[in-house]
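Working notes, structure below.
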Amino acid sequence: MALALAAAAVFAASILLGSYTVTVPDFVRIVVADLTGGEKIPGASFIVMEHKLPRAVVGALVGAAFGASGALFQTMLRNPLASPDVIGISSGASAAAVTAIVLFGASGPAVSAAALAGALGVAAVIYALARRGSFGAAAGRGDAAGNRLILAGVGIAAALHAVVSFLMTRADIRTASDALVWLNGSLNAASWERAAVLGLAVALLGPAAAALAGRLRILELGDDTAAALGLGVGATRLAVVVTAVGLSAVATAAAGPVAFVAFLAGPIARRFVRRPSLPAAALTGVLIVLAADFLAANLAPLLLDGTVLPVGVVTGAMGAPFLLWLLVTANRKDP
């Protein structure tokens, strides 16, 4: 409940506050007028309905998708490092998107489509490599295979990062600038069309993730126990991977590889609810993305002489110290 209230408060703040403030009565008038075709408030209607509201909606959907995706991977593999950022899914999307921008001059929906294809393609390669190490086995070898998936993802991510760096060195300044904005993760391109596509994808994949939650709780008991209870371990892992990759891929296609949201949401949510929870992780992802975007758009310009940062810069700054904190606390728990 606290996470839901916090996410709702930040969602409202991102619409009502900022460089252009809107009162609650005016917001209601603007939305009602837009829905009914009534009289609009000059200037304010455009800012709210074409900029602030779609940006907040896309940010919330991106955060929910990344949060749920990261929680699925982390719960399945029982490893807090198992997020799309770390295991190469985001790197696949980045490499494909930068290739489309630099080599083919793509923009808008074409870049999103390339990112989606890249994420899905890299995920298929990583899963195939991990499966060769018994990732789909049902008896006791899931941990080793899960580690194989993470290691395969880290290796592929490093190779794809090199590809992105090479392409950036070959691009002209304007093209490189466009690619860099996308690589940092940004909500600047948010629109109702993008929100509709992302919302449809989340509406399809969200119930699938919820349906897998019960199987994930059984899978956490270990592969031997899960198999003894009648759970199809290999089929469950495949279903979780497909759902998690789909959520991460559509979020990345919509806003770019917003760093560390999938990595942060699950562990933070677990500290609130004291257990793995997909809804809590999704709400935490919403909270992280919207809060980071609000800070990037409103606080950063005050500190950086008017410079507006992409949301991914702020989430990246949050993720690095959290990763170090995880490592320190993990070492303290070791005997």
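Numbers at a glance
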| read-out | value |
| --- | --- |
| Segment 247-335: C-alpha pair distances exceeding 17 Å, % | 56 percent |
| Thr23-Ala203 FRET efficiency (beta carbon distance; Förster radius 41 Å; 0.05 resolution) | 0.85 |
| Computed FRET value (nearest 0.05) for Thr225 with Leu35, which takes r as the C-beta separation and R₀ as 35 Å | 0.10 |
| Ratio Rg/Rh [Cα only; Rh per Kirkwood] for segment 88-236 | 1.07 |
| Acute angle (nearest 10 degrees) that the helix 233-255 long axis makes with the longest principal axis of the chain, alpha-carbon atoms | 20 degrees |
| Assigned charges on the beta-carbon of Lys, Arg, Asp, Glu; the chain dipole about Cα centre (debye) | 860 debye |
| Mean Cα-pair separation over length for the chain, i.e. relative contact order, pairs under 8 Å, 6 or more apart, % | 30 percent |
| Rounded tilt (10° steps) of 24-36 against the dominant C-alpha axis of the chain | 90 degrees |
| Cut-off 12 Å between beta-carbons: net charge of the residues surrounding Ala255, Lys and Arg +1, Asp and Glu -1 | +1 |
| Where only C-alpha atoms are counted, convex hull volume of the chain per residue in Å³ | 149 Å³ |
| Per-residue [θ]222 nm for the chain (sum of -39500 (n - 2.57) over DSSP H runs n ≥ 4, rounded to 500) | -25000 deg cm²/dmol |
| Cα→Cβ-extended label distance, 7 Å offset, between Ala320 and Asn147, nm | 2.9 nm |
| Cα centre as origin, Lys/Arg/Asp/Glu Cβ charges: segment 1-150 dipole, Debye | 540 debye |
| Solvent-accessible heavy-atom area per residue, rounded to whole Å², over the chain at 1.4 Å | 46 Å² |
| Rg and Dmax of segment 1-83, Cα atoms only, in Å | 17.1, 54 |
| Percent accessible area from carbon and sulfur atoms, the chain, protein chains only, probe 1.4 Å | 68 percent |
| For segment 220-277, with +1 on Lys and Arg beta carbons and -1 on Asp and Glu, the positive-most of Ala254, Ala227, Ala265 along the dipole | Ala265 |
| Amide N of segment 277-291 lying under 14 Å from the label point, which is placed 7 angstrom from the Cα of Ala8 along Cα→Cβ | none |
| Dipole moment magnitude, nearest 20 debye, segment 227-335 about Cα centre, only Lys, Arg, Asp, Glu C-beta charged | 560 debye |
| Gain on full stretching of the segment that runs from Thr329 to Thr169 - 0.36 nm per residue minus C-alpha separation | 53.7 nm |
| For segment 156-234, diffusion coefficient by Stokes-Einstein and Kirkwood Rh (Cα), 4 °C, 1.567 mPa s, µm²/s | 77 µm²/s |
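The values are calculated or read from the model by the stated rules, or taken from the named source; none is laboratory data. All of these numbers come straight from a predicted model, not from anything done at the bench. Virtual Cβ from ideal backbone geometry, glycine too; neighbours counted across all protein chains shown. The accessibility values were calculated without ligands, DNA or RNA, using every heavy atom of the protein model including side chains. Shrake-Rupley method; radii C 1.70, N 1.55, O 1.52, S 1.80 Å.
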